[in-house]
Amino acid sequence: MRAVLAQSRAELALTLRRGESLLVSFAIPIGILVFFAEVAPVSTDLDDPVAFLVPGVLALAVMSTAMVSLAIATGYERRYGVLKRLGSTPLSRGGLLAAKTVNVLAIEVLQAVVVVVTGVLLGWEATGGLVLAVVFLLLGTVAFAGIGLLMAGRLRAEATLALANGCFLVLLFLGGMAYPLEDLPRILRDVAQVLPAAALSESVRAACTPGVAVPTWSVVVLGLWAVGAPVLAARAFRWEE
């Protein structure tokens, strides 16, 4: 446990020192929230666009940290032999994965605080089922971490960097995070509904909105990704390039 905590502190310190990680993890979600709330208000069924945006941006924050940041950092650690060297220390591979998980959750807590505070300043009222929303965010963390580790464990570091950022952009546009899925063409909307980003944002938004039922399909899709992605990553992960 002491080794895991020490590695968790090291992982968190390294993450906070990476400018690109901070940009993806904090600046982009907050920028999207403020821009679409104040500059280009979205048209939704909700009275206040901020009530639509805050849950979506929380989902976006999970995706940026659990998939993009984790994939890129792990990919380069694998490239430079860091994972191999850590595997020979008293810190087991399970301990290393636990430390990475703690790091991801710590960053997500910071993101959630910043996003929620920004949302409240913009007029958002947290009146929905926040506990259920947290459950969905945890499921999303598992799903996106599985996707990130799958990329990092099979591809070269440069390919992981490109693919993680590419997936981020695609899932941002198809995730229903900054604007409703109904605004997409029918074929893209059908594709989006089987992807983890839209499933997460729709589930969290419904949980945060009083009187709105959580869509069963989104929960099922999110659950399948949360189970399938980590299992596939565990089977396919290679500790060395």
From the phi of every residue in the range 218-224, what ³J(HN,Hα) in whole Hz does the Karplus formula 6.51 cos²θ - 1.76 cosθ + 1.60 yield, where θ is phi - 60° and glycine or proline is x?
5, 5, 4, 4, 4, x, 5
Highest mean first, how do 23-30, 64-71 rank when packing is the count of other Cβ atoms within 10 Å averaged over residues?
64-71, 23-30
On a 0 to 90° scale, report how tilted helix 70-79 is relative to the longest principal axis of the chain, with both axes built from alpha carbons and the result rounded to the nearest 10.
20
Can you list the equivalent-ellipsoid semi-axes of the range 2-236, largest first and in whole Å, using the square root of 5 times each Cα gyration tensor eigenvalue?
31, 18, 16
For the pair Ala13/Trp239, report the inter-label distance in nm, with labels modelled 7 Å from Cα in the Cβ direction.
2.4
Label the range 87-220 by shape, choosing from rounded, prolate and oblate, from the square roots a ≥ b ≥ c of the eigenvalues of the Cα gyration tensor; if a/c is under 1.5 it is rounded, and otherwise prolate applies when a/b is larger than b/c, oblate when it is not.
oblate
Row for the range 168-237, column shape: gyration tensor on C-alpha, a ≥ b ≥ c, rounded if a/c < 1.5 i.e. under 1.5, prolate if a/b over b/c, else oblate; value oblate
Overall form of the range 142-190 per C-alpha gyration tensor (a/c, 1.5; a/b vs b/c)
prolate
Just order 72-79, 202-209 by mean Cβ neighbour count inside 10 Å, highest at the front, would you?
202-209, 72-79
Might you report the magnitude of the Cβ-based charge dipole of the chain about its Cα centre, with Lys and Arg at +1 and Asp and Glu at -1, to the nearest 20 debye?
1380
Using the Karplus curve 6.51 cos²θ - 1.76 cosθ + 1.60 with θ = phi - 60°, work out ³J(HN,Hα) for each residue of the range 144-149 in order, rounded to whole Hz, and write x for Gly and Pro.
6, 5, x, 5, x, 6
Could you compute the FRET efficiency for Trp217 and Val170, with r as their C-beta to C-beta distance and R0 at 30 Å, rounded to 0.05?
0.90
Residue by residue through the range 191-196, the couplings from Karplus 6.51 cos²θ - 1.76 cosθ + 1.60 with θ = phi - 60°, in Hz, x for Gly and Pro, are 5, 4, 5, 10, 9, x
Taking 227-233, 142-148 and ranking on average Cβ neighbours within 10 Å, highest first, one gets 142-148, 227-233
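Every read-out reported here was derived from the displayed coordinates using simple, explicitly stated rules and does not represent laboratory data. None of these values were measured; they are calculated from a predicted model. All Cβ positions, even for glycine, are placed from backbone atoms using ideal geometry, and neighbour counts span all protein chains on display.
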